[in-house]
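A quick write-up on the structure given underneath.
Any read-out appearing in this document is the output of simple, stated calculations on the displayed coordinates, not a laboratory observation. Remember, it's a predicted structure, so these values are computed and weren't measured experimentally. Positions of Cβ are generated from backbone atoms using ideal geometry, with glycine treated the same way; all protein chains shown enter the neighbour counts.
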Amino acid sequence: MTTPSPAAQALLERFAACRGWEQRARLLLEYGQQLPALSPDERTDQRLIRGCESPVWCLAGWPAGRLQLQLDTDARLLRGLLEVLRIRLSGLTPEQLGEVDLADWYSQLGLARQLSGSRSNGLNAVYQYVMQSRPA
């Protein structure tokens, strides 16, 4: 398994300090506010991820062989989940990306129990979309 980046490690520490779901939910909303929005021109059908209940757009690039990831949605709590996913995946090489265990990541954050099946499936759809963007 790939070791989390310093930013992802700091995120883990912030979530570990939370005492229950309410604090984690507030922290997710805070992280969601940090997620940069895509412009209307970037919200294309080609970037729309199928498999999510709420519309999610993804722009993945690989400058210098490392993932540069932009995600966007209008759903507030989902914005936070996408931002913690973006923090975990950004900067990884294609090989490192393939080693990420999303279920374990959300479990480490203390969020796994609060994720509905449809939300987990949606986050996995985002991950699969990014995996398909990997350079050959």
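Couple of notes before you dig in:
- Comparing Gly65, Gln46, Leu85 along the charge dipole axis of the range 6-132, the residue lying farthest to the positive side is Leu85, per the Cβ-charge model.
- Among the trypsin sites (Lys or Arg not before Pro) within the range 15-107, those in coil by DSSP and having at most 12 neighbouring Cβ atoms inside 10 Å are Arg19, Arg50.
- Distance between the range 7-31 and the range 95-112 - C-alpha centres, whole angstrom: 15 Å
- Size of the chain as Cα extents on the principal axes (Å, biggest first): 41, 30, 25
- Qualifying GluC sites (Glu not before Pro) in the range 67-136, DSSP loop, other Cβ atoms within 10 Å at most 13: Glu99
- The range 36-59 versus the range 64-82: alpha-carbon centroid distance in Å: 10 Å
- Panel values: the range 1-54, Kirkwood radius from alpha carbon pairs, Stokes-Einstein at 4 °C and 1.567 mPa s, translational diffusion coefficient 93 µm²/s.
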